Amino acid sequence: MRRSLIRRLAGDVRGVSAVEFALIAPVMILFYAGLVDLSQAYMALKRTNHVAATAADLASQSLSLTSVDVDNIFQAGPHIMAPFASPDLEQRISSVTRVSSTTYKIDWSRSSKSTGALANDLALADAKVPANMLDNGESVLIAEAAYTYKSPFQAFLPEFRFQRRALLEPRRTAVITCTTC
């Protein structure tokens, strides 16, 4: 009787689909969750790039700026980053002028935060202005944005830190001044 029970169970295929589903479903759910998380991280990266480009564009339209004007430009960043958390966004706008063929100077620099990677003024070594971008006496605005993306699955995935920059020449003057920056 025992052998007939084993033969009968061995030939039964009624629960195969349920067993296959039970084996494959967790893998597929993890795969789906990973793709969703990577898509969200990519969206945060693109928005970080857009924040830097928008800040540079807004600043380049002025003849001169004040610290209040720059702070108002920074207020656009959290709106662009929405629905991502705005406390994780850092911004900095700086003006760099070419003095001679090999010499540049930082005219001014202002950050949106007092702590973080972009909190200090831009260092001349970090400006990295392309050599053929400016003539002597011309300047460029460097807008930087940094965002730390925190995954909903932090137990499994690390944080991603995105940092982007945009360089734009002033539109209406050779050098944009910032009197209180």
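Of the set (1) closer than 22 Å to T48 by Cβ; (2) modelled with pLDDT under 95, all apply to S101 but (1).
Quick grid of which residues meet (1) surrounded by 10 or more Cβ atoms within 10 Å (Cβ to Cβ); (2) under 30 Å from F84 (Cα atoms); (3) not hydrophobic (A, V, I, L, M, F, W, C):
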{"site": "L5", "(1), (2), (3)": "no, no, no"}
{"site": "R8", "(1), (2), (3)": "no, no, yes"}
{"site": "V13", "(1), (2), (3)": "no, no, no"}
{"site": "V16", "(1), (2), (3)": "no, no, no"}
{"site": "E20", "(1), (2), (3)": "yes, no, yes"}
{"site": "I24", "(1), (2), (3)": "yes, no, no"}
{"site": "Y32", "(1), (2), (3)": "yes, yes, yes"}
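Being within 24 Å of C178 (Cα to Cα) and either part of a helix (DSSP H, G or I) or of a type in the set (F, W, Y) (or both) is the requirement here; does A56 meet it? Answer is yes for this residue. Checked against the criterion of being surrounded by fewer than 16 Cβ atoms within 10 Å (Cβ to Cβ), small (G, A, S) and within 33 Å of the chain's Cα centre (by Cα), segment 50-64 has at least one qualifying residue. Sub-8 Å Cβ pairs linking a first residue in segment 115-135 that is touching a residue at least 12 places away in the same chain (Cβ under 8 Å) to a second residue that is basic (K, R) and assigned to a loop (DSSP other than H, G, I, E, B), at least 6 apart or interchain, are A119/K113, ordered by first then second residue.
Counting only residues that are loosely packed, with under 14 Cβ neighbours inside 10 Å and either at pLDDT below 90 or more than 19 Å from D88 (Cβ to Cβ) (or both), segment 34-46 holds 3 of them. Contact annotation: residue pairs with Cβ atoms under 6 Å, 6 or more positions apart or on different chains, pairing a residue in segment 153-181 that is farther than 19 Å from A53 by Cα with a partner that is among the basic types (K, R), are E159/K150; C181/R110.
Here is a yes/no grid of residues against (1) surrounded by 15 or more Cβ atoms within 10 Å (Cβ to Cβ); (2) closer than 29 Å to M43 by Cα:
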{"residue": "S101", "(1), (2)": "no, no"}
{"residue": "K105", "(1), (2)": "no, no"}
{"residue": "S109", "(1), (2)": "yes, yes"}
{"residue": "K113", "(1), (2)": "yes, yes"}
{"residue": "D126", "(1), (2)": "no, yes"}
{"residue": "P158", "(1), (2)": "no, yes"}
{"residue": "R164", "(1), (2)": "yes, yes"}
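Residue under question is A82, and the condition is that it be surrounded by fewer than 16 Cβ atoms within 10 Å (Cβ to Cβ) and either touching a His at 6+ places or on another chain (Cβ under 8 Å) or modelled with pLDDT under 90 (or both); does it hold? No, not satisfied.
Out of the residues in segment 85-96 meeting the condition of being of a type in the set (A, V, I, L, M) and surrounded by 16 or more Cβ atoms within 10 Å (Cβ to Cβ), tell me which one is farthest from the chain's Cα centre (by Cα). Write out each step before concluding.
Filtering segment 85-96 for residues of a type in the set (A, V, I, L, M) gives 85, 89, 93, 96.
With surrounded by 16 or more Cβ atoms within 10 Å (Cβ to Cβ) added as a condition, the list becomes 89, 93, 96.
Details: L89: 8, I93: 15, V96: 22 Å.
Checked segment 85-96; the qualifying residue farthest from the chain's Cα centre (by Cα) is V96.
Scanning for something surrounded by 12 or more Cβ atoms within 10 Å (Cβ to Cβ), in contact (Cβ under 8 Å) with a residue 12 or more places away in the chain and not in a helix (DSSP H, G or I), does segment 65-73 turn up at least one residue? Yes, segment 65-73 contains at least one residue that is surrounded by 12 or more Cβ atoms within 10 Å (Cβ to Cβ), in contact (Cβ under 8 Å) with a residue 12 or more places away in the chain and not in a helix (DSSP H, G or I).
The values are calculated or read from the model by the stated rules, or taken from the named source; none is laboratory data. Values in this document were obtained by computation on a predicted structure and should not be read as measured data. Counting neighbours? That spans all protein chains shown, and the Cβs are built from the backbone with ideal geometry, glycine included.
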